[in-house]
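What follows is a set of notes on a single structure, which appears directly below.
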Amino acid sequence: MTKGLFITFEGMDGSGKTTQMHRLGARLRGLGRTVLETVEPGGPPIAMKIRRILLDAANQELSPSAELLLYFASRAQNVDEWIAPALDRGEIVLADRFTDSSLVYQGCGRGLGAEAVAALERIACRGLKPDLTLLVDIDAETSLARARARNTAEPHCETRMDEQSLEFHRKVHAAYHALAAREPERVKVVDGRAGIDAIERQVWSIVSAYV
Ligand code: TYD
């Protein structure tokens, strides 16, 4: 058991979870808490190198199994180098995506199955699960529209996952909802269409019970 608190943000691309995570981090620091913010794929420098392979739009041939293994390679590095030590020090860790993303995008979206994800989780995370997961919920159509608008505004931003079809995003969305239904104690859904300040209030009404 760790001493800290591990909170993850999940949601479709363009759901606004990254903004919410930064706002929560700032609020918790304002209350005097020590907070580590991390993003997946990514985190420490080695994991950021793996992130560049995963999100490079030139890597269209990346096979689904290689992709899954790389996400977990990045996660293993992040857990060992950053997340577990911070939790052992009693800090609050906020992660922009974690294993649930692999479950919904690779396990369900790519059809690799929940068992493959669970097997890799045992190796990479060794039982480390979030204490709380905030699922910022938007539908597949909104997600794709926001991702495309972002790609037009910033043509050089990372796009490989954004280029998936509407059908893929619908599968991911359904998988997130199935997860929230299966684990209602851990996974709390907030309405991603509510506006940034309103979502922040929803997030805080949930998180304040944990800190
Ligand atoms: P990112 O640019 O961080 O997207 P966003 O800010 O919208 O979350 O890219 C992360 C992409 O990686 C996103 O499309 C989801 C995907 N992903 C997976 O498919 N599996 C995973 O395990 C993780 C962590 C991310």
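Here are some residues: I123, I83, I50. Which one is touching a residue at least 60 places away in the same chain (Cβ under 8 Å) and of a type outside the set (D, E)?
Values: I123 fails: touching a residue at least 60 places away in the same chain (Cβ under 8 Å); I50 fails: touching a residue at least 60 places away in the same chain (Cβ under 8 Å).
Answer to the selection: I83.
Would you confirm, using the coordinates I've provided, whether L120 is within 15 Å of the ligand (Cβ to nearest atom) and open to solvent by less than 60 Å² (accessible area, probe 1.4 Å)?
Working: within 15 Å of the ligand (Cβ to nearest atom): yes; open to solvent by less than 60 Å² (accessible area, probe 1.4 Å): yes.
The answer is yes for L120.
At pLDDT below 85, out of contact with any Phe, Trp or Tyr (no Cβ under 9 Å at 6 or more places or on another chain) and either surrounded by fewer than 18 Cβ atoms within 10 Å (Cβ to Cβ) or assigned to a helix (DSSP H, G or I) (or both): does that describe H169?
Numbers: at pLDDT below 85: no; out of contact with any Phe, Trp or Tyr (no Cβ under 9 Å at 6 or more places or on another chain): yes; either surrounded by fewer than 18 Cβ atoms within 10 Å (Cβ to Cβ) or assigned to a helix (DSSP H, G or I) (or both): yes.
Against the criterion (at pLDDT below 85, out of contact with any Phe, Trp or Tyr (no Cβ under 9 Å at 6 or more places or on another chain) and either surrounded by fewer than 18 Cβ atoms within 10 Å (Cβ to Cβ) or assigned to a helix (DSSP H, G or I) (or both)), H169 does not qualify.
Please find, within the stretch 63-109, the residue that is least open to solvent (accessible area, probe 1.4 Å) out of those that are assigned to a loop (DSSP other than H, G, I, E, B) and near the ligand (Cβ under 8 Å from one of its atoms). Walk me through it before giving the result.
Looking only at the stretch 63-109, we keep the residues that are assigned to a loop (DSSP other than H, G, I, E, B), and these are 63, 89-91, 97-98.
Going one step further and asking which of them are near the ligand (Cβ under 8 Å from one of its atoms), we end up with 97-98.
Details: R97: 31, F98: 2 Å².
So, considering only residues that are assigned to a loop (DSSP other than H, G, I, E, B) and near the ligand (Cβ under 8 Å from one of its atoms), the one least open to solvent (accessible area, probe 1.4 Å) is F98.
Return the residues of the stretch 27-62 that are in a helix (DSSP H, G or I), open to solvent by less than 10 Å² (accessible area, probe 1.4 Å) and more than 21 Å from D13 (Cα to Cα); say none if nothing qualifies. Give the derivation first.
To start, the set of residues in the stretch 27-62 that are in a helix (DSSP H, G or I) comprises 27-30, 45-55.
Subsequent filtering for residues that are open to solvent by less than 10 Å² (accessible area, probe 1.4 Å) retains 28, 47, 54.
The answer is L28, and nothing else.
If you go through the stretch 38-62, how many residues are hydrophobic (A, V, I, L, M, F, W, C), away from the ligand (no atom under 13 Å from the Cβ) and modelled with pLDDT under 95? Working first, answer last.
First, pick out the residues of the stretch 38-62 that are hydrophobic (A, V, I, L, M, F, W, C): 39, 46-48, 50, 53-55, 57-58, 62.
Then keep just the ones that are away from the ligand (no atom under 13 Å from the Cβ); that gives 46, 58.
This time we only want the ones that are modelled with pLDDT under 95, so: none.
Matching residues across the stretch 38-62 total 0.
Which of the residues belonging to the stretch 199-211 are open to solvent by less than 30 Å² (accessible area, probe 1.4 Å) and more than 16 Å from F6 (Cβ to Cβ)? Give the derivation first.
In the first step, residues of the stretch 199-211 are kept if they are open to solvent by less than 30 Å² (accessible area, probe 1.4 Å); the result is 199, 203, 207.
Result: I199, single match.
Between a residue in the stretch 131-147 that is assigned to a loop (DSSP other than H, G, I, E, B) and any residue that is basic (K, R), which pairs come within a Cβ distance under 8 Å, given they are 6 or more apart or on different chains?
Matching pairs, first to second residue: D131/R186; I138/R146; I138/R193.
The values are calculated or read from the model by the stated rules, or taken from the named source; none is laboratory data. These numbers were taken from a predicted model, which means no experiment stands behind them. In this analysis, Cβ positions are derived from the backbone assuming ideal geometry, glycine residues included, and neighbour counts consider all displayed protein chains. Side chains included, ligands, DNA and RNA excluded: accessible areas come from the protein's heavy atoms. Shrake-Rupley method; radii C 1.70, N 1.55, O 1.52, S 1.80 Å.
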